[in-house]
Each structure stands twice: as C-alpha cells, then as structure tokens.
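Written out below as structure tokens is the structure these notes cover.
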Amino acid sequence: MNRRKIVIGAIIGSAVLGFAALAGLAGHYAISRDDDDDDEEEGRGAVARGLRFAKVSLQQGLTASESEGQPISAKFELDRGNFQLSVYTSKDGRLSEVLVDYSTGNIAKVTPITEGDDLAAAQSQSAAMAEAKTPLREAVEKAIGEAAGFRAVAVVPNLKDGRAVASVLLFKGDESKIVNETLD
C-alpha cells in the first residue's frame, strides 16, 4: 500500500470514528469501518450512498424482523463491504441478528448472537428494551416526524437514569442528526 492510501485510510478512519463518537452509537451501532474491510468507500458516506438503493425503511425492517423475536436494535451498515439492514432480536432468552433484504423487506438470514462485542451489545439493548413500553418502530416514526425530510439509519436503545431511551440516527443528504426518544 502506498503512502497516499495509508494517509487517506487514516483520515477516513479518523472521520468515521469521530462521527461514531458524535452519534453516541459506539459499539454495535457505530457507523464505522469493518476491520476486515479495505474498501476506501466505507463509513458514513458509503452508508448514505447505500441508502439510495434501499427500498425498505428502517421501520419496515423492524416490522419484518418481528417474526424472529422482539427487535432490540436496527441499522443500515457496511459489513465487509456489503451494505445491509441488520436487526437484533430477542426471543425466549436467545439473541439473533436478522438480516432484512433492503430491496424486498424479506428476511434474508438469521444468525444467533453468541459471543464477543455483538453479544455484549445485544445483551445491553435487550436489557433496555425489557424496560421499554414503546416499540422501537414507534420511536423511529416519532423521530422522523420531528425531523422532516430525514431518513432513519439506525436505532439503539439504552438506559438513562433507569428509563429506556432510543437513540435514532437520521440522515438527509450529507446532514445527520441524533434524536433521542423515550420508550415509556
């Protein structure tokens, strides 16, 4: 790899990490580059470009995943260079990642979450949703209603002062914002 690519990679990596910290969606829901991904078009810009091809909304992805359990988080993401709609679900103590086809809204794949950072994130999200009275889909719809013209990209619940709150990441062109919605 030449020096220019290394510098560009470092700049992109720094920008993506800064955006993730700003968004407050670190961990599972950070829009960041995948460690296995060498593609320079990763990160926030690549997700925004991928959204142009997504015919399914985040809310539709949440609804589609309900057959696999209670949705506990969702995001459009890049994984190893592939754009996808990922929804974490919880059912009978089991945690799963449900990949929803962003063109059709059909479930493409279901994978148990059993280890690593994904497990820790899913357990935290499941604990937050155990305190919630409002489904994530409704929180996303409310956030979009407060931000005309924006599209939901990710939603992750967490506990703040014992209350369940959903952080919804919204995009509109190059602009992004986080809207926090209570889930009680």
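Structural remarks
- Subset tally (residues that are over 25 Å from Gly45 (Cα atoms), surrounded by 22 or more Cβ atoms within 10 Å (Cβ to Cβ) and polar (S, T, N, Q)) for region 65-78: 1
- Only residues that are farther than 26 Å from Ala48 by Cα and either at pLDDT below 95 or crowded, with 20+ Cβ neighbours inside 10 Å (or both) were counted across region 79-112, and they come to 3.
- Contacts under 6 angstrom Cβ, first residue in region 154-173 being over 15 Å from Asp184 (Cβ atoms) and among the aromatic types (Phe, Trp, Tyr), partner in a strand (DSSP E or B) and modelled with pLDDT of 95 or more, 6 or more apart: Phe171/Arg151; Phe171/Val153
Conditions tested, residue by residue: (1) within 15 Å of the chain's Cα centre (by Cα); (2) surrounded by 13 or more Cβ atoms within 10 Å (Cβ to Cβ); (3) within 22 Å of Phe53 (Cβ to Cβ).
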| site | (1), (2), (3) |
| --- | --- |
| Ala130 | no, yes, no |
| Pro135 | no, yes, no |
| Gly149 | no, no, yes |
| Ala154 | yes, yes, yes |
| Pro157 | yes, yes, no |
| Gly162 | no, no, no |
| Ser167 | yes, yes, no |
| Ser176 | yes, yes, yes |
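- The set of residues from region 113-127 being among the hydroxyl-bearing types (Ser, Thr, Tyr) and surrounded by fewer than 17 Cβ atoms within 10 Å (Cβ to Cβ) comprises just one member, Thr114.
- In region 128-137, the count of residues that are in a helix (DSSP H, G or I) and more than 18 Å from Gln59 (Cα to Cα) is one or more.
The values are calculated or read from the model by the stated rules, or taken from the named source; none is laboratory data. Everything numeric in this text was worked out from a predicted model, so none of it was measured. Every residue, glycine as well, gets a Cβ built from its backbone with ideal geometry; the counts of neighbours run over all protein chains shown.
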